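K.L.:
Below you'll find the structure I mean.
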Amino acid sequence: IDSMCPGAGFNDVNTNINLLKAFAVGRANFIPVISIFMEMFELSLINEELHPPENEKKKFSDVTEWSANRCKWPKSYKGAPTSIIENAIKDFKNRLCGSTFTTMIFNKIEDDINVYIEYVMKLNTVI
């Protein structure tokens with residue numbers, strides 16, 4: 001990573017050790033590990049907004065709460081490297097991709113077929 005982003009501080013192993021471990025595991029196994037976990041985290045955020053829990057106190061606000069309360073894999077696998085993944089996601093957000101959603105705005109999907117039929121009919125009259 002340091003060769004691709006010189007001067008970004010990736011050669012400081014102590015600062016980015018979890019991020020580097022996640023990338024190393026992914027590269028060794030040909031699986032984008034950190035990207036998969038980032039996507040899981042962001043999809044969980046979206047799900048929380050679309051389907052809020054009945055008890056608002058259950059809503060998570062950061063990666064640590066997400067992995068402790070919402071994510072099933074740390075509970076399913078004994079000895080799962082929870083802290084490595086949590087810190088890798090935090091480092092990834094801070095170092096590479098920036099923060100995730102600041103404000104999510106959801107628009108209702110308009111799937112009224114009549115609008116499309118009217119559009120096609122008007123196109124037919126023009127042709």
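Taken together, the values in this text are just the output of simple stated rules run on the coordinates, not laboratory data. Since we're looking at a predicted model, the values are computed, not measured. Every residue, glycine as well, gets a Cβ built from its backbone with ideal geometry; the counts of neighbours run over all protein chains shown.
K.L.:
In nm, to one decimal, how far is the modelled label at ASP112 from the one at SER3, with both set 7 Å along Cα→Cβ?
P.N.:
With each label point 7 Å from Cα toward Cβ, the separation is 5.8 nm.
K.L.:
Another question about this same structure. Could you order the peptides 19-32, 112-125 from most to least packed, using the average number of other C-beta atoms within 10 Å per residue?
P.N.:
Those peptides, ordered most packed to least, come out 19-32, 112-125.
K.L.:
Moving to a separate point now. How far apart, in nm, are the 7 Å Cα→Cβ label points at ALA68 and ILE36?
P.N.:
2.6
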